[in-house]
Amino acid sequence: MSTPPSTVPDVERALVVTAHPDDVDFGAAGTVAAWVRDGIEVAYCICTSGDAGGYDNTPRAEMGPLRETEQWAAAAALGVKDVRFLRYPDGRLTPSIELRRDISREIRRFRPDRVLTQSPEIWWRRLGASHPDHRATGEATVAAVYPDARNPFAHPELLADEGLEAWSVRELWLMAAPDELVDRPVDITATFDAKIAALQAHVSQTGHMDDLDSRLRTWNSATAQRFALPDGALAEAFQVVAIG
């Protein structure tokens, strides 16, 4: 197994950009909880309000606000206090210039050292993880990280109208990347209960899952075993990209 790249030193802030409420909690809540525990300030940028999701008879007009409320509760379970919703239509995301600008705005506002987002590539072994909204978010976020947010001449209205100076992210983490690209395991054994608590806050999405704990424990155990972590360990894993 190849050695994963070293993470950048002295990370103080990390921004998580996802397509839907609950995406971060399925893919990275244990890692986020570990970052917060270690003193890293974490913020979320959610591109939609998840208004096309749900498994019950909740009226469509109520679903987006409900899922935003659930995401706030899930974030609180991990110690995340900064959550922004861009409110693009769920199921219709594209990596547009407008989405790139809006993600660049959040990068310039929060000024993170690290950005975590969804992979823009298709993970053929688990196609459900590569929802078109996920890939559009990943593609737009990668472009926002490099070159948009760091280029003072990209999206000039962010500086001229909002006073948001250019900002250079130092490291990019991608979740749900194809297996051959994943190179950074994170031991979440100590934060797994926080991950489950965050997921349980998404009642509209997980309330019907009687096996939520066992299902996630199986997934995260398999990830730990893949990276030869100690017996009984649980892990999440990512593709990490250092940015020059």
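Bear in mind that the values in this text are calculations on the coordinates, not laboratory data. Bear in mind the structure is a predicted one, so any value in this text is a computation, not a measurement. FYI the Cβ positions are ideal-geometry reconstructions off the backbone, even for glycines, and counts take in every protein chain you see.
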- Within segment 189-212, what residues put their amide N at less than 20 Å from the label point 7 Å along the Cα-to-Cβ vector of D231? 189-190
- Message: Of the listed values (1) 18.6; (2) 18.1; (3) 23.3, identify the label whose number matches Kirkwood radius over Cα pairs in Å calculated from this model.
- Response: (2)
- Distance between Cα centroids, segment 186-244 to segment 74-104: provide it in whole Å. 22
- Note on the structure: If the chain between N151 and D211 were fully extended at 0.36 nm per residue, the gain over the current Cα-Cα distance would be 17.0 nm
- Arrange V241, V24 by Cβ neighbour counts within 10 Å, fewest through most, would you? V241, V24
- Residue order, fewest to most surrounding Cβ atoms within 10 angstrom, among T18, T189, T141: T189, T18, T141
